[in-house]
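K.L.:
Pasting in a structure now, in structure tokens, and then I'll have a few things to ask.
Each reported figure results from applying straightforward, stated rules to the coordinates on display, with no laboratory input. Because the structure is predicted, anything quoted here is derived from the model rather than measured. Using ideal geometry, Cβ is built from the backbone for each residue, glycine included, and neighbour counts are taken over all protein chains shown.
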Amino acid sequence: MTIHSYAKINLGLRVLRKRPDGYHDIETVMQTVDLTDTLTVSPQASGTTVTCDDPAVPTDERNLAYRAAELIRSRVGTESGVRVDIQKRIPVAAGLAGGSGNGAVTLIALDRLWDAGLSFDDLLAMADRLGSDVPFCLRGGMAIGRGRGEVVEFLDTACPFAFVLVTPPCAVSTAWAYQQVKIELTNFSSIVNLIISSLHEGDLDRLVVHLRNDLESPVLAHLPVVGRVKQTLIDCGAAGAAMSGSGPTVFGVVPDRLAASRVADRVRQVETTWRVWVAMPVSAREIAERSGR
Ligand code: ATP
């Protein structure tokens, strides 16, 4: 079974408060984009084997696909083994939830392979145990994330714009980024409705005003290259730009694919060590259709 695992970007991310359990409550708007990893899931006699063509990715129990396989095996109570071969295109530890996506699609694939008949709510509960971004990745498309990001409200809103993703050659620890955030106790305004209504209206100028990521300023202070990526995207023609998740990937927003290709070409000429992609938004329905769900 060969399946695609999609990247996501955060169109907005506000950090609301630190919780007693050490995590932070957030409010975010997430959107799936068509940058994908490919996972090949095949039966084997026993146990779980994960391989990955990127040596930066652990293939033992730290891998989210591995943990997803173990979780679903114990739930289903099967002795069957599974092998998951991951072909990585989504940059690792880059704010695009690549690992979370791999965990989510492994849950879906093994529910099918082992004929487990799990409901979407069962899968959501398992996804929640794997990580904050995994529940969103189970369905994808556009969604609001609350709590740690795991309380997901899936939306049918279509994103009418295109993106350019730029990843400079550095990695950011998500835990570190959250620890650095200075939470504004006053003047909190929800960006969710503003972002979603801008998308509904197809109003790019309005959308870019509301792009905001509270993790951005600490990451920028620590990694000035992220600020340079953002400015370069604007200089090369993006209407607006913001960091995704805990970075260091920055996305630029443009009206359509053609504009995205032009901006991407210009950015590639500025700096060859940055990885640059044209990325189109993908709806939950498109993901389901492409995977035969
Ligand atoms: P998020 O946006 O959810 O914070 P991220 O895009 O910043 O995620 P990931 O690419 O998901 O980060 O990887 C974060 C860490 O997770 C990596 O450093 C890696 O060691 C570990 N990891 C576990 N499983 C995977 C996987 N299947 N693919 C990539 N990384 C994985």
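K.L.:
If you go through segment 145-163 one residue at a time, do you hit one that is closer than 14 Å to Ser5 by Cβ and in contact with an Asp or Glu (Cβ under 8 Å, 6 or more places away or on another chain)?
P.N.:
Initially, segment 145-163 is screened for residues closer than 14 Å to Ser5 by Cβ, giving none.
The answer is no, given that none of the residues of segment 145-163 is closer than 14 Å to Ser5 by Cβ and in contact with an Asp or Glu (Cβ under 8 Å, 6 or more places away or on another chain).
K.L.:
Looking at (1) within 9 Å of the ligand (Cβ to nearest atom); (2) over 25 Å from Pro218 (Cβ atoms); (3) outside any helix (DSSP H, G or I); (4) of a type in the set (A, V, I, L, M, F, W, C), which is the one condition that is false for Ala56?
P.N.:
(2)
K.L.:
Pick out the one residue from Glu27, Glu61 that is buried (at least 19 other Cβ atoms within 10 Å of the Cβ), under 30 Å from Gln179 (Cβ atoms) and touching a helix residue (DSSP H, G or I) at 6+ places or on another chain (Cβ under 7 Å). Can you show your working first?
P.N.:
Numbers: Glu61 fails: buried (at least 19 other Cβ atoms within 10 Å of the Cβ).
Being buried (at least 19 other Cβ atoms within 10 Å of the Cβ), under 30 Å from Gln179 (Cβ atoms) and touching a helix residue (DSSP H, G or I) at 6+ places or on another chain (Cβ under 7 Å) holds for just one of Glu27, Glu61, which is Glu27.
K.L.:
Filter the strands (runs of 3 or more DSSP E) completely within segment 201-293 down to those with at least 3 residues that are away from the ligand (no atom under 16 Å from the Cβ) and surrounded by 23 or more Cβ atoms within 10 Å (Cβ to Cβ). Break it down into steps so the answer makes sense when it comes.
P.N.:
Working: elements: 240-243, 250-254, 275-279.
By residue number, 250-254.
K.L.:
Please specify each residue of segment 39-50 satisfying the condition of being free of Cβ contacts under 8 Å to residues at least 60 places away in the same chain and either more than 17 Å from Arg89 (Cα to Cα) or within 11 Å of the ligand (Cβ to nearest atom) (or both).
P.N.:
We begin by selecting, within segment 39-50, every residue free of Cβ contacts under 8 Å to residues at least 60 places away in the same chain; these are 40, 42, 44-50.
Within segment 39-50, Ser42, Gln44, Ala45, Ser46, Gly47, Thr48, Thr49, Val50 qualify.
K.L.:
Quick test of your reading of the structure: Gly22 fulfils all but one of (1) at positive phi; (2) in contact with a His (Cβ under 9 Å, 6 or more places away or on another chain). Name the failing condition by number.
P.N.:
Condition not satisfied by Gly22: (2).
K.L.:
Looking only at segment 46-85, which residues are farther than 16 Å from Leu130 by Cβ and of a type in the set (Lys, Arg)?
P.N.:
The one that is farther than 16 Å from Leu130 by Cβ and of a type in the set (Lys, Arg): Arg83.
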